Amino acid sequence: MKNPYDEQQTQILARISNNVVKLNDTLLEVNQKIEEINEMNSDLVAFSNIWNHYQRNASLYLASTNSVESPIVSKQQP
């Protein structure tokens, strides 16, 4: 005796399978884009690290030479 829902179940499984393939392709694309973004951001991270080291070294130098001055405050006009 043939299952009356067999054809319907086969179609549903085929749709699920196709959707999983599409989802997998989309996730691969997303992963590639994220990798590209991370590569671009690595330059920003390097620059940020260099800037932080420079700022720390400049502060240490100014403190060691007693060259630290108060910041110039400009008067705001009403």
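The values are calculated or read from the model by the stated rules, or taken from the named source; none is laboratory data. Treat the numbers as computed from the prediction; the structure is a model and nothing was measured. Every residue, glycine as well, gets a Cβ built from its backbone with ideal geometry; the counts of neighbours run over all protein chains shown. Just the protein is used for accessible areas: all its heavy atoms, side chains included, with ligands, DNA and RNA removed. Shrake-Rupley method; radii C 1.70, N 1.55, O 1.52, S 1.80 Å.
Some points to look at:
- Any hit, the range 57-72, residues being assigned to a helix (DSSP H, G or I), free of Cβ contacts under 8 Å to residues at least 24 places away in the same chain, open to solvent by 80 Å² or more (accessible area, probe 1.4 Å) and among the β-branched types (Val, Ile, Thr): no
- In the range 28-38, the residue that is nearest to the chain's Cα centre (by Cα) out of those that are open to solvent by less than 90 Å² (accessible area, probe 1.4 Å) and at pLDDT 95 or above is ILE34.
- Boolean, LYS22 is assigned to a helix (DSSP H, G or I) and at negative phi: yes
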